[in-house]
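Colleague: Here's a structure for you.
The values are calculated or read from the model by the stated rules, or taken from the named source; none is laboratory data. If you're wondering where the values come from, they're calculated on a predicted model, not measured in any experiment. All Cβ positions, even for glycine, are placed from backbone atoms using ideal geometry, and neighbour counts span all protein chains on display.
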Amino acid sequence: MLHRIAVIPAAAGLLGLTLAMLYQLASAEPPLSTPTPSPGPRPYGLGEPNFRQLTSPSCAAASCHGGGTVGRKGSEHSTWSPDLLEKGASDPHSRAWSVLSNAKSERMVKALGIEGSASRAGLCLKCHSLPSGKSDHPTEGVGCSACHGPAERWIGAHTGRTWKGLSNREKWERYGFLPGTDLVARNLTCTKCHVGDAEREVNHDLIAAGHPRLAFESARFHFHPSYRKHWVEKATPADFELRDWFVGQVVGWRAATELLRARAQRAVSAAETPWPEFAGSSCYSCHKTVGPTDTTGRAVPKLSKPLGTASWESWSISSFDAVSELRREFYPDVALPPMKEWTALRTLMEKRAPEPKAVAVQATKSLFELDGWLAAIQVAHDSDRLPRTSPELPGQLVRALTQRVPETGDWDAFASAYLGCVAGYHASGGKARVPEWTGPIEKLEAELKFPADRYGKRFDGPADFGPAKLERVRKQFRLLAEATATRRDP
């Protein structure tokens, strides 16, 4: 039973509402002067170490990680490598470059006016190969150095006697090694491509050309049945899934905020830069029918925002209130103060025409605040004294998410909340331990899946998400909340 729906929708294909006339032109003021408060603590794993990349075969010796037996310790490279003859589970990162040679990728580069093949385009290689996009061997896809850090310094050091005595931060700062066991550092690395940053982004032009919209959800990616992982998590399944969900949300906010800051900064510096960048808004703020009915005569669902107001990052930030409410339950010994600056940024982005200079300044302040949270969480994980999560936490998480869902009609918010509920469901033991949660979970999955046409091909958006389906989704969230309430402690 999957319970993890496809979460990479592009435009829904319904009638689009053009918002361009509602937005202000980019500011013509002098270049931005960003605030300079003390940045405070920063998590390790940010940025790109300035060391040389090595190709994945550097790790593939039989005595290292190329043992040849898929799934075994010492065979990590063998497990990561694509199956050339067999079909089934594999590591999609190993196929990241090869997809650039398919017909869809070739159509995209032509639509974007890029000369040559997608498999050689720097725009594509930034994420479909090693991080720099300048690898001499791009065909390996997203190889070892992409996730574990450029191996120039650590390739030899990590086999030495003193390696295990180094802290995670020392491994990162001295050697450029990304400690994958740390959830913050791991997710910071994932979001560089799966959300984007100042150097890599999927903007509205790319989406219009056919690229899937990015929708990052760490726990869902980790547990996808087609993802063959070359490692084993050390934490208990419940602790891992709950905390990976929590950390994934916060890191996703950080990545979205950094991308927003970069886009706003460009809009201030260059008046021809599109602003706001539509890729940062919910697709379904615009790609929906205008009027009381759609072209088939069905009533159109009422949304929580007025027409002309695009929801900023509704996928990424819909969990904000639940995370804020439960932060002490997830990390009882960690000081995570309220995010005042980031809340102010959300408020600013709710305006129809947020001014880019103000957005860039507020986003910079917000990044300092988010980094403080992430650095504190890293310290807790690295201390080896982090307590187990409470058995009541999965139910608390589901209730926190379901209580807020009825306020919106946005598919993104529903789907994101559903995946958070799934994390709680699995952490509670799934069907064997909480059978009363199973019915609503399964029905939510069915309702939120993209529909198929008469030939069995799935749409790339929730094309049939009308009032009737919206109300059925809200009902299942209410039933799920009631089911979890039966397990509440007195």
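Colleague: So which helices (runs of 4 or more DSSP H) are wholly in segment 367-472 and hold at least 3 residues that are within 24 Å of residue 180 (Cβ to Cβ)?
Modeller: Result: 411-427.
Colleague: Would you mind finding the one in 379, 323 that is of a type in the set (A, V, I, L, M, F, W, C), over 30 Å from residue 279 (Cβ atoms) and in the same structural domain as residue 267 (by TED's automatic domain parsing)?
Modeller: 379
Colleague: Within the bounds of segment 92-110, is there any residue that is surrounded by 18 or more Cβ atoms within 10 Å (Cβ to Cβ) and part of a loop (DSSP other than H, G, I, E, B)? Step through it out loud before you land on a result.
Modeller: Step one: of segment 92-110, the residues surrounded by 18 or more Cβ atoms within 10 Å (Cβ to Cβ) are 93-94, 96-97, 100, 105, 108-109.
Retained after the next criterion (residues that are part of a loop (DSSP other than H, G, I, E, B)): 96-97.
Looking through segment 92-110, at least one residue is surrounded by 18 or more Cβ atoms within 10 Å (Cβ to Cβ) and part of a loop (DSSP other than H, G, I, E, B).
Colleague: Among the residues of segment 246-287, which ones are more than 21 Å from residue 193 (Cβ to Cβ) and of a type in the set (Phe, Trp, Tyr)?
Modeller: Answer for segment 246-287, where residues must be more than 21 Å from residue 193 (Cβ to Cβ) and of a type in the set (Phe, Trp, Tyr): 246, 275, 284.
Colleague: Next question, about the same structure. Output the number of residues of segment 57-83 satisfying the condition of being at pLDDT below 90 and closer than 25 Å to residue 212 by Cβ.
Modeller: Of the residues in segment 57-83, 3 are at pLDDT below 90 and closer than 25 Å to residue 212 by Cβ.
Colleague: Say whether the condition of being farther than 15 Å from residue 398 by Cβ and without any contact (Cβ under 8 Å) to a residue 24 or more places away in the chain is met by at least one residue in segment 483-490.
Modeller: Within segment 483-490 (the criterion being farther than 15 Å from residue 398 by Cβ and without any contact (Cβ under 8 Å) to a residue 24 or more places away in the chain), the answer is yes, since at least one residue qualifies.
Colleague: Same structure, new question: Name the pairs whose Cβ atoms lie under 9 Å apart, with the first residue in segment 430-457 and under 26 Å from residue 392 (Cβ atoms), the second assigned to a loop (DSSP other than H, G, I, E, B) and of a type in the set (Ser, Thr, Tyr), and 6 or more positions between them or separate chains?
Modeller: Between residues of segment 430-457 that are under 26 Å from residue 392 (Cβ atoms) and residues that are assigned to a loop (DSSP other than H, G, I, E, B) and of a type in the set (Ser, Thr, Tyr), the close pairs are 434/428; 436/486; 437/428.
Colleague: Here's a follow-up. Which of the residues spanning segment 161-177 are in a helix (DSSP H, G or I) and more than 30 Å from the chain's Cα centre (by Cα)?
Modeller: Start the filter on segment 161-177 by keeping residues that are in a helix (DSSP H, G or I), which leaves 163-165, 168-175.
Matches in segment 161-177: 163, 164, 165.
Colleague: Give me the pairs: first residue in segment 249-275 and within 21 Å of residue 420 (Cα to Cα) and of a type outside the set (Gly, Ala, Ser), second residue modelled with pLDDT under 95 and in a loop (DSSP other than H, G, I, E, B), beta-carbon distance under 7 Å, and six or more apart or on different chains, which are they?
Modeller: 249/319
Colleague: Out of segment 428-463, which residues are among the charged types (D, E, K, R) and under 25 Å from the mean Cα position of the chain (by Cα)? Full working, then the answer.
Modeller: The initial filter retains those residues of segment 428-463 that are among the charged types (D, E, K, R), namely 431, 433, 436, 442-443, 445, 447, 449, 453-454, 457-458, 460.
If the condition is that a residue be among the charged types (D, E, K, R) and under 25 Å from the mean Cα position of the chain (by Cα), then 442, 443, 445, 447, 449, 458, 460 are the ones that fit.
Colleague: Here's something else I'd like to know. Pick from segment 219-264 the residues that are of a type in the set (A, V, I, L, M, F, W, C) and assigned to a loop (DSSP other than H, G, I, E, B): which of them is nearest to residue 80 (Cα to Cα)?
Modeller: Among those residues, the one meeting the criterion is 231.
Colleague: Answer yes or no: is there a residue in segment 217-228 that is closer than 30 Å to residue 459 by Cβ, in contact with a Phe, Trp or Tyr (Cβ under 6 Å, 6 or more places away or on another chain) and modelled with pLDDT of 95 or more.
Modeller: The answer is no, given that none of the residues of segment 217-228 is closer than 30 Å to residue 459 by Cβ, in contact with a Phe, Trp or Tyr (Cβ under 6 Å, 6 or more places away or on another chain) and modelled with pLDDT of 95 or more.
Colleague: For segment 396-412, give me each residue that is under 17 Å from residue 245 (Cα atoms) and either without any contact (Cβ under 8 Å) to a residue 24 or more places away in the chain or surrounded by fewer than 24 Cβ atoms within 10 Å (Cβ to Cβ) (or both). Break it down into steps so the answer makes sense when it comes.
Modeller: Just the residues of segment 396-412 that are under 17 Å from residue 245 (Cα atoms), to begin with: 396-402, 412.
Scanning segment 396-412 gives 396, 399, 400.
Colleague: With respect to the numbered conditions (1) out of contact with any helix residue (DSSP H, G or I) (no Cβ under 8 Å at 6 or more places or on another chain); (2) closer than 19 Å to residue 470 by Cβ; (3) modelled with pLDDT under 95, which one is the sole condition not fulfilled by residue 442?
Modeller: For residue 442, the exception is condition (3).
Colleague: Any residue at all in segment 185-197 that's of a type outside the set (Lys, Arg), in contact with a Gly (Cβ under 8 Å, 6 or more places away or on another chain), surrounded by fewer than 18 Cβ atoms within 10 Å (Cβ to Cβ) and part of a loop (DSSP other than H, G, I, E, B)?
Modeller: no
Colleague: If residue 389 passes every condition in (1) surrounded by fewer than 21 Cβ atoms within 10 Å (Cβ to Cβ); (2) out of contact with any Pro (no Cβ under 7 Å at 6 or more places or on another chain); (3) closer than 25 Å to residue 188 by Cβ but one, which one does it miss?
Modeller: If we test residue 389 against (1) surrounded by fewer than 21 Cβ atoms within 10 Å (Cβ to Cβ); (2) out of contact with any Pro (no Cβ under 7 Å at 6 or more places or on another chain); (3) closer than 25 Å to residue 188 by Cβ, just (1) comes out false.
Colleague: Suppose we keep only residues that are in contact with a Pro (Cβ under 9 Å, 6 or more places away or on another chain) and assigned to a helix (DSSP H, G or I) within segment 328-356. Which one would you say is nearest to residue 262 (Cα to Cα)?
Modeller: Looking at the filtered set, the residue picked out is 356.
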